[in-house]
Amino acid sequence: MGKKKIDPKERVGIISYNLHGYKMVIEDYITPIDIWVKFTYTNERIHTTWQSFKARTVRSSYDKTIYGVGYIGIGDYKVTENGKYTRQYNAWSSMMQRCYSKAHLKRQSSYIGCKVAEEWHNFQNFAKWYDENYYEANGERMHLDKDILTKGNKVYSPETCIFAPHFINCLFIRSRSRRGDLPIGVYFCDKNLINKYGCQCSSEFGKQTKLGYYSTPEEAFRVYKTFKEKVIKNIALKYQQTIPEKLYNALIKYEVKIED
């Protein structure tokens with residue numbers, strides 16, 4: 001005897017859950033390779049196959065496929081164009097990686113505790129913000145920054161983030177592991193029996209400048225602080241016609257603190 005012919009109507013209405021836990025129901029079943037499934041959470045309709053439905057591999061645009069947090073969403077913004085990831089997607093996925101990739105957090109512990117605002121879990125929302133806020137500055141690489149506008153901030157959000165040119169972004173790179181317990185900009189020098197605290201800082205031209213040796217780390221820090229804040233203000237003036245006003249204002253008001 002041959003196989004019993006399947007009546008398509010029998011499979012309409014069957015409910016299952018995809019591998020990400022989203023409920024889906026068969027709305028139309030034409031043939032085993034031509035069915036329409038609706039995700040009840042979003043009302044999104046997906047064209048797929050009976051085999052994929054049974055295997056639960058049907059994917060929704062709202063599946064949290066990026067580190068279990070981010071999803072692509074439905075909208076105008078694409079992940080790829082002409083076989084390459086879009087600028088918007090590269091910026092978004094890198095941001096998600098910094099906050100939620102276990103491997104990245106192991107390498108860059110300074111990102112532990114950082115997170116992305118819920119609205120930016122949806123790639124479409126981030127991409128729209130990207131297009132509205134991205135700008136070019138003298139051909140420099142642009143960085144998505146979360147803590148120049150709000151010092152110490154750990155949340156990537158529309159309110160806290162801004163694009164900054166590479167040179168400006170480099171002003172705020174800190175390495176606590178290299179200086180240990182000493183204040184930012186300060187190091188202990190025992191070379192040639194100096195046994196004092198030195199401080200150094202990059203100038204507005206990017207050249208590392210030694211600022212002398214002092215008896216205490218606090219004294220060395222005060223010299224560093226004065227020099228660093230002057231550098232930041234001078235660079236702000238240099239970029240004033242290129243960068244957004246709120247970035248310029250943040251640079252002018254920026255204060256270096258001993259706990260940085």
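Structure notes:
- Restricting Gly113, Gly68 to those that are within 16 Å of the chain's Cα centre (by Cα), under 14 Å from His20 (Cβ atoms) and in a loop (DSSP other than H, G, I, E, B) reduces the list to Gly68.
- The single condition among (1) out of contact with any strand residue (DSSP E or B) (no Cβ under 7 Å at 6 or more places or on another chain); (2) free of Cβ contacts under 8 Å to residues at least 40 places away in the same chain; (3) not basic (Lys, Arg) that Tyr77 does not satisfy is (2).
Conditions tested, residue by residue: (1) in a helix (DSSP H, G or I); (2) buried (at least 17 other Cβ atoms within 10 Å of the Cβ); (3) under 37 Å from the mean Cα position of the chain (by Cα).
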| position | (1), (2), (3) |
| --- | --- |
| Ile184 | no, yes, yes |
| Phe188 | no, no, yes |
| Asn192 | yes, no, no |
| Gln200 | no, no, yes |
| Phe205 | no, no, yes |
| Thr209 | no, no, yes |
| Gly212 | no, no, no |
| Glu218 | yes, no, yes |
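- Of the residues Glu259, Glu245, the single one that is exposed (fewer than 14 other Cβ atoms within 10 Å of the Cβ) and modelled with pLDDT of 95 or more is Glu245.
- Residues of segment 19-57 satisfying the condition of being exposed (fewer than 13 other Cβ atoms within 10 Å of the Cβ) and either in a helix (DSSP H, G or I) or touching a Gly at 6+ places or on another chain (Cβ under 9 Å) (or both): Gln51, Lys54, Ala55
- Residue that is at pLDDT 95 or above and either within 20 Å of Thr42 (Cβ to Cβ) or out of contact with any Pro (no Cβ under 8 Å at 6 or more places or on another chain) (or both), where the choices are Arg87, Arg107: Arg87
Yes/no matrix, rows are residues, columns are (1) within 19 Å of Tyr254 (Cβ to Cβ); (2) modelled with pLDDT under 90; (3) β-branched (Val, Ile, Thr):
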residue: Ser175; (1), (2), (3): yes, yes, no
residue: Val186; (1), (2), (3): yes, no, yes
residue: Thr209; (1), (2), (3): yes, no, yes
residue: Ser215; (1), (2), (3): no, no, no
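- Checking each residue in segment 127-178 for being surrounded by 15 or more Cβ atoms within 10 Å (Cβ to Cβ), among the aliphatic types (A, V, I, L, M) and over 15 Å from the mean Cα position of the chain (by Cα) picks out Ala137, Leu149, Ile168, Leu171.
- Residue selected from segment 109-126 under the condition out of contact with any Ser or Thr (no Cβ under 8 Å at 6 or more places or on another chain) and under 11 Å from Ala91 (Cβ atoms), by the criterion surrounded by the fewest Cβ atoms within 10 Å (Cβ to Cβ): Phe123
- For segment 1-18, a tally of residues being exposed (fewer than 13 other Cβ atoms within 10 Å of the Cβ), of a type in the set (A, V, I, L, M, F, W, C) and more than 21 Å from Ser61 (Cα to Cα) returns 2.
The values are calculated or read from the model by the stated rules, or taken from the named source; none is laboratory data. Quick caveat, the model's predicted, so the values are computed rather than measured. Here Cβ is always computed from backbone atoms with ideal geometry, including for glycine, and neighbour counts include all displayed protein chains.
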